[in-house]
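The next block holds one structure in the form of structure tokens; read it before the comments.
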Amino acid sequence: MAECGRKALSLLEAARSRYESLQISDDVFGESGDDSSDNPFYSTSGDSNSDNNTPECCGDERRTGEVCCSQPAPPGSPNTQAEEEGWSDAVRDITIPSYTDTCGPTQKMPPTASVVDFFQLFVPDNVIQNMVTQTNMYAKKFQERFGSEEGWHSVTVPEMKAFLGFIISTSVHRCESVLSIWSSGFFANKSIAPKMSQARFEKILKYFHVVAFRSSHGSQGLYKIQPFLDSLQQSFSSTFCPSQTQVLHEPLIDEDPVFIATCTERELRKRKKRKFSLWVRQCSSTGFICQIYVHLKEGPGPDGLDTLKNKPQLHSLVAKQLCQDLSGRNAIIFTGPSITSLHLFQEFEKQDIYCCGLLSSRKSDCTGLPQSMLGNSEVLQHRGQSRTKMKGNMSLICWYNKGNFRFLTNAFSPSKQGVIIKRKRGEIPCPLAVEAFAAHLSYICKYDDKYSKYFIFHKPNKTWQQVFWLTISMAINNAYILYKMSDVYHVKRYSRAQFGERLVKELLDVDDCSPTA
């Protein structure tokens, strides 16, 4: 047993040494121990399932259980010969220009900075003041039309901060409803409840707005929060410089699993399905979300989510929006099957953006790819074997691991080799692109798993409110990442839960701001 442990450790150290330049953090939120099994880069846990048909590199498919590559058209189809042209079995090394940007925060926070100071890098006072103005405007107009409400008075900035604090508290203390804070039951929170009466909170919740009225230039579905989203995008870009490697994906925004497990079928039927889809560009070394893009199911024109599902090639529109700030920076983007396509990768290459993506003949746009590489080979293959074809700097890799998995990349030399480490099977050889894809995508999967614990639990019915509180959750998480990379973290080391508790108490101006153990 000890010998097996030493062997696994030596394999782990060898791979870590080879990939030291990736600088992927072992610890997303500072809450895991020193055990190497907590590092999603490697599958070294005792319950690792080596015989699973889906390897670690299948980010989205790992969640859905779908097979990555279905059977394509037969090699004799009319377009086969044309698609084979230009693709060669001869492989050569390629060189990616160096990444000149320095990953990390763009401004240095003083050691005395508070938790709310990090939060206000993304939600500053002027944004909160705008919420106050718009909420008061909406309340005035509403009462002019439907009659004045007894006891109502205009919201102030401290009240708006407290209002945000109460709803943010649901991300740390999972209560059935935000109103449970004032109850006498299990979900009551007597430490913050005295800062505002329940009646006052409900009145602010009733009239809360970011943009009260539709303007002549704001007819799109998210006009009620579009200025806030624009401000958030700007702050994400200006406060942090991501690493060279980044991931385009849809983060986990599903319902809380505890709620799903305990609610009745009738309650499930009453829950309205989301009317939007949210995509992000995320730094794969730190988890920092650099860019957000929202699609509405009922959106006008070809950007509607239903249209995108029927035409996978239109996902390239999402990718172009998310990567519009990366031109000329030599970044490497990892993508899932719905985004991966030869045309998109070639277009990005002209902008000095390099890509590595997982291919699926069912989900991906396979135009221009050789059909001989997309079909399942009749030759008996062994785990770790791979085939490669090249066209210019683009490589199409077919790698076998209890099933065929295909990757399209212009970011890694196809001749360079890596490994996938599994405790039961040891090393599984693979091209370097496959190992890099598995490393970054599995890190983001683990990041999502932990991050989903800290979603704001408030569940409004209106789509703009759902998007608003989701993006507020992302802003808080980005604030925590900046906090961990600052000098403040060396003075007071807060876990993610403690960081959330401290933020709530600072927003509510509670005297005892020390987080609970």
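The values are calculated or read from the model by the stated rules, or taken from the named source; none is laboratory data. Note that this is a predicted model, so its numbers are computed, not measured. Please note: Cβ atoms are built from the backbone with ideal geometry, for glycine as well, and neighbour counts cover all protein chains shown. For accessibility, only protein heavy atoms count, side chains too; no ligands or nucleic acids. Shrake-Rupley method; radii C 1.70, N 1.55, O 1.52, S 1.80 Å.
So the check is Cβ under 7 Å with 6+ separation or different chains; which pairs have a first residue in segment 106-119 that's surrounded by fewer than 19 Cβ atoms within 10 Å (Cβ to Cβ) and a second one that's part of a loop (DSSP other than H, G, I, E, B) and among the charged types (D, E, K, R)?
So the pair list comes out as PRO111/ASP487.
Could you list, in sequence order, the residues of segment 426-458 that are more than 13 Å from the chain's Cα centre (by Cα) and of a type in the set (A, V, I, L, M)?
Within segment 426-458, ILE428, LEU432, ALA433, VAL434, ALA436, ALA438, ALA439, ILE456 qualify.
Please find, within segment 491-503, the residue that is nearest to LYS190 (Cα to Cα) out of those that are open to solvent by 40 Å² or more (accessible area, probe 1.4 Å) and in contact (Cβ under 8 Å) with a residue 12 or more places away in the chain.
Restricting to residues being open to solvent by 40 Å² or more (accessible area, probe 1.4 Å) and in contact (Cβ under 8 Å) with a residue 12 or more places away in the chain, the top hit is ARG502.
Within segment 177-210, count every residue that is surrounded by 14 or more Cβ atoms within 10 Å (Cβ to Cβ) and part of a loop (DSSP other than H, G, I, E, B).
10
Matching residues to (1) farther than 26 Å from LEU205 by Cα; (2) at pLDDT 90 or above; (3) crowded, with 22+ Cβ neighbours inside 10 Å:
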{"residue": "GLU427", "(1), (2), (3)": "yes, no, no"}
{"residue": "CYS430", "(1), (2), (3)": "yes, yes, yes"}
{"residue": "ALA436", "(1), (2), (3)": "yes, yes, yes"}
{"residue": "CYS445", "(1), (2), (3)": "yes, no, no"}
{"residue": "ASN477", "(1), (2), (3)": "no, yes, yes"}
{"residue": "TYR489", "(1), (2), (3)": "yes, yes, no"}
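Would you pick out the residues in segment 101-120 that are in contact with a Phe, Trp or Tyr (Cβ under 9 Å, 6 or more places away or on another chain) and either more than 19 Å from GLY500 (Cα to Cα) or not in a helix (DSSP H, G or I) (or both)?
Of everything in segment 101-120, those that are in contact with a Phe, Trp or Tyr (Cβ under 9 Å, 6 or more places away or on another chain) and either more than 19 Å from GLY500 (Cα to Cα) or not in a helix (DSSP H, G or I) (or both) turn out to be CYS103, GLY104, PRO105, THR106, MET109, ALA113.
Name the residue that is surrounded by the most Cβ atoms within 10 Å (Cβ to Cβ), counting only residues in segment 348-397 that are part of a helix (DSSP H, G or I), in contact with a strand residue (DSSP E or B) (Cβ under 8 Å, 6 or more places away or on another chain) and modelled with pLDDT of 90 or more.
The residue in question is PHE348.
Kindly check whether there is at least one residue in segment 242-254 that is modelled with pLDDT of 90 or more, in a loop (DSSP other than H, G, I, E, B) and either open to solvent by 30 Å² or more (accessible area, probe 1.4 Å) or under 18 Å from TYR454 (Cα atoms) (or both).
Checked segment 242-254: at least one residue is modelled with pLDDT of 90 or more, in a loop (DSSP other than H, G, I, E, B) and either open to solvent by 30 Å² or more (accessible area, probe 1.4 Å) or under 18 Å from TYR454 (Cα atoms) (or both).
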